Amino acid sequence: MNLALRNSMLFNDNKKQKTKKQHFPHKGKRWLFIAFSSFVFLTGCNHFDIKDQEQAPAEETQAIQVLSTSNSIETLTPADEIEALLKAEFTLQREGPNKAFEQFYALSDQSSDIHFIERLNHIALASNNDSYIERSTNLWLAAKPDAEQAYSLQLQVFIKNNRPEDITRLLINAIQQNVNLHFLPQHLESNSRDTVKVDTLNTAIANLPTDFQNNEHVLLSRAHIFLLTGEYRLAINLIEKDFSSPSTEKKEALYLILALSQKNLGMTNKAISTLINASKRFPESTRIPPPLIDFYVEQKQISKAVKTYQDCLLEHADKLQVGINFVRTLLKHNQPSTALTIIKELPEDQTGFTDQVQFLKALALADTEQKIEAIKVMNEVEGNLRTSATQQIAFWLYDENKENQINNMVLKRTKRENMQEQVMLISNLHEEKDRFGLSYELLQMASKVYPESNALRYRKALLADALGQWQVTESEMTTLLQKDPLNPQYLNALGYTLLTRTDRIDEAMQYIESAYELADDDPAIIDSLGWGHFLRGELDQASYFLNKAWGLLQDDEIAAHYGESLWSQRHYDKAIEVWEAALNSSPNAKVLIETIQRLSPSLLESLQ
């Protein structure tokens, strides 16, 4: 086989409220809570190795044991309670939130003090333990039944664990406590790509009593779920019914869902009208202009799209982002000239977005047949777009018949940490363009810059063999095996090179057999082994291994080898069957055609 083919929530505290049940002197306890909260966050970066800790003194163990039951804490003196808190904080610092949770839970449960309960929730969140979060929020809601953040945290847990009945019960309780459910559509949005979680929320909301489903945030979530699940007509009907009531607040998000649902049903003009009405109601919205502009462009109403952008009453940064999205849409719909016009109108201060703007400008220039200028602009792109920009420049240099400039450009623009991947990609480009010499040159240059890259050296070795420079292949593969002597691909590549380029068949077979011992299911290695037996005249063994390789991978070169082995054993029909199958998938495979031309030229003639 050709060697080139062988490269196989933390949250803000609610307003503090006094509680009826208090066992600590309030001022002392508040002071202690604040002091230790500060201590925790100031020393949170210290690392302790549990195995290096000394065994806790007996009195400390006894104090912690006292905390383990809810009844015993009732009898502790204030001094004992303060000591218990000290021990809990000590455990938190030394052993982390998972170890400290139960101690803090016991303190919070007995005191019902909102400060400790909120502290407990911080610890539960830090532990990333759903059970702890649920237990701590249960305490929070018992002490403060309208704690919005507690409902939000519990909802997260229930969604994550697909508990629709608990979600339904939570929403009912929250609505009865007059809790603002603005977090419900937010959690839906954050899980909108997970169909299981969307279905969980859908089931939970559907099980709410009818009056509860009319809650504004529940209604918004219902409409969003209809949109996500493709029930566009249901979304439209629900929103239009809500809009028909004069007492309801017309939310921006509902307009967006309505417009997208209309668009998905092919009612683009209605969707545009919906967004126009929304923009009048929410003139400073950053979410309405992008889809409205997109819909105008899709309808080829470019002047209206431009006017919509120009009339946006947005802050500087928002106007910039809307403009960038507009340019992308224009380029997608083959409007590069208008894209260049909008780029000129973007705010001058483009801090944080300069590379995006330059990248889009270069694309627009190229699409207006200004590729030389496009290359200059793209060459200025840095940051996260640097790699993509380099690849795009390479394509354009080919278009301009300046491919000889590519390699130096790639090495100049590519950072060391991206060198291997980038060089591989550009090497592939050269080979797709049948410029194998440029590919080899790039690999040589990159190997000097990044000599420790085994992948680049291996790719160079394979290409050298394809170019007839098998001595380079032998040298490079020998170097690679010195670094990684048990790599089956390296062993096979060196063995196959010696097998096909020299008369050192026995030496070659040693490498190939070693590779086979390490990877006996690799079709490339099995093919090499079979071809080695063929060259030794061991036809039965050759056909056995080549048949095995062909069964694993119907590759044109394996077909050439297997067919020739069969032919040599006078299994002509079977050989022709293998060759015909390979020709159907690889009609221009050089090695395959050469083999058939040499052994059975009539087969090629009959297929013409």
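The values are calculated or read from the model by the stated rules, or taken from the named source; none is laboratory data. Since the model is a prediction, treat every value here as computed from it, not as a measurement. Counting neighbours? That spans all protein chains shown, and the Cβs are built from the backbone with ideal geometry, glycine included. Accessible surface is based on the protein model in full, side chains and every heavy atom, while ligands, DNA and RNA are left aside. Shrake-Rupley method; radii C 1.70, N 1.55, O 1.52, S 1.80 Å.
Across the protein chains, with a 1.4 Å probe defining accessible surface, the residues Asp199, Asp166, Asp503, Asp109 rank Asp503, Asp199, Asp109, Asp166 from largest area downward. Which of the residue pairs Lys144/Lys251; Lys412/Lys448; Lys402/Lys590; Lys332/Lys415; Lys263/Lys332 have a Cα-Cα distance greater than 20 Å in the structure shown? Check vs 20 Å cut-off fails for Lys144/Lys251; Lys402/Lys590; Lys332/Lys415. Computed about the Cα centre, the dipole magnitude for the chain is approximately 2400 debye when only Lys and Arg (+1) and Asp and Glu (-1) carry charge, each at its Cβ.
Relative contact order for the stretch 194-250: 21 percent, from Cα pairs under 8 Å spaced at least 6 residues apart, divided by residue count. Shown for the chain: the carbon plus sulfur share of the solvent-accessible area, taken with all protein chains present and a 1.4 angstrom probe, equals 47%. Counting 0.36 nm for each residue step from Arg536 to Thr203 and taking away their Cα separation leaves a gain of 112.9 nm.
In this label model, Thr502 and Lys300 are separated by 6.7 nm, measuring between points 7 Å along each Cα→Cβ vector. Straight-line reach from Lys319: taking Cα to Cα under 14 Å and skipping same-chain neighbours fewer than 8 places apart, the aspartates and glutamates in range are Glu284, Asp311, Glu345, Glu348, Asp349. In the chain, taking the dipole from charged Cβ atoms about the Cα centre, the farthest positive-side position among Leu498, Leu234, Ile117 is held by Leu234. Note on Ser568 and Ser475: with the Förster distance fixed at 41 Å, the Cβ-Cβ geometry gives a FRET efficiency of about 0.80. The accessible-area ordering, largest first, of the residues Trp550, Trp567 stands as Trp567, Trp550, per a 1.4 angstrom probe. Taking every C-alpha pair closer than 8 Å and separated by at least 6 residues, the mean separation divided by the residue count of the stretch 111-187 gives a relative contact order of 25 percent. Using only Cα coordinates, the Kirkwood hydrodynamic radius of the chain works out to 31.6 Å. In sequence order, the stretch 554-565 has phi-based couplings of 8, 8, 5, 6, 4, 4, 4, 5, 5, x, 5, 5 Hz under the Karplus curve 6.51 cos²θ - 1.76 cosθ + 1.60, θ = phi - 60°, and Gly or Pro positions carry x. For the chain, the solvent-accessible area with a 1.4 angstrom probe is 51 square angstrom per residue. In a simple Cβ point-charge model (Lys, Arg +1; Asp, Glu -1; nothing else charged), the stretch 200-350 has a dipole of about 520 debye relative to its Cα centre. Counting only protein heavy atoms and using a 1.4 Å probe, the accessible area of Arg222 comes to about 50 Å².
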